[in-house]
Amino acid sequence: MPRRTDSRSKMIHAAAELFRQRGYHATAFSDVIQASGAPRGSTYFHFPGGKQELARETVAMAGDEIEQMVATAADRADGPASLVLALGDMVAKRLEGSGYRSGCAIATMVLELAPYDDDLSSEFEEVFNRWSAALECRFEQWGMTAGRAATAANLVISAFEGALVLSRAARRIEPFMAMVQAVGEFIDHEPRGPGPSGSSQQSKQAGSKSGSG
């Protein structure tokens, strides 16, 4: 027997996709019910705070999602630049797969609601802070200083957000992928220390020299 929370979870996921594609104001509770398959009477049972409570849940989920995406991209990467390329590839596939309807998880809601809702505005900022922190952590592990890692993370986020809008407008992936390539090349030339992989390589080189001497 499905748990009672299954309907709530399905509604949050459905709302997140609808908000991403249509925006907050253009999405009604009836749309969420239809997309999720949840019982009609469950709306205010699961979300007594109404549509705004549902929006807050989708924003929190967006933060979880982007952290997981960065972690997945990092597992496929061997440095900051390849992390950017791997993350860009993941985002591009989702954008193309949605027919250019799904961009950033919260960008549409940010444009609609941030100027008018202080509480949600703070939660939007927290999502971007979580994204930045996830990138910074990985960049620092690969030898970037904290300051450069923060600057690089902000560049990645700003570039991704802008290029997603361009590709959605053009309904072509090329603007987004051109940005990913350019940002990856820029970050690849950022000065950094050895990092984990670099330290290992230096140890190997030192051992080789020691053995040959």
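The values are calculated or read from the model by the stated rules, or taken from the named source; none is laboratory data. Please read these numbers as outputs of a predicted model, since none were measured by experiment. All Cβ positions, even for glycine, are placed from backbone atoms using ideal geometry, and neighbour counts span all protein chains on display.
Return the total of residues in the stretch 22-56 being in a helix (DSSP H, G or I) and touching a helix residue (DSSP H, G or I) at 6+ places or on another chain (Cβ under 8 Å).
16
Which one is surrounded by the most Cβ atoms within 10 Å (Cβ to Cβ) among residues in the stretch 42-56 that are touching a Leu at 6+ places or on another chain (Cβ under 9 Å) and over 14 Å from residue 10 (Cβ atoms)?
55
Report whether or not residue 83 is part of a helix (DSSP H, G or I) and either without any contact (Cβ under 8 Å) to a residue 24 or more places away in the chain or under 20 Å from residue 162 (Cβ atoms) (or both).
Yes.
If you check residue 101 against the conditions, is it outside any helix (DSSP H, G or I) and among the basic types (Lys, Arg)?
Answer is yes for this residue.
Take the residues in the stretch 19-49 that are at pLDDT 90 or above and polar (S, T, N, Q); name whichever of them is nearest to residue 116 (Cα to Cα).
27
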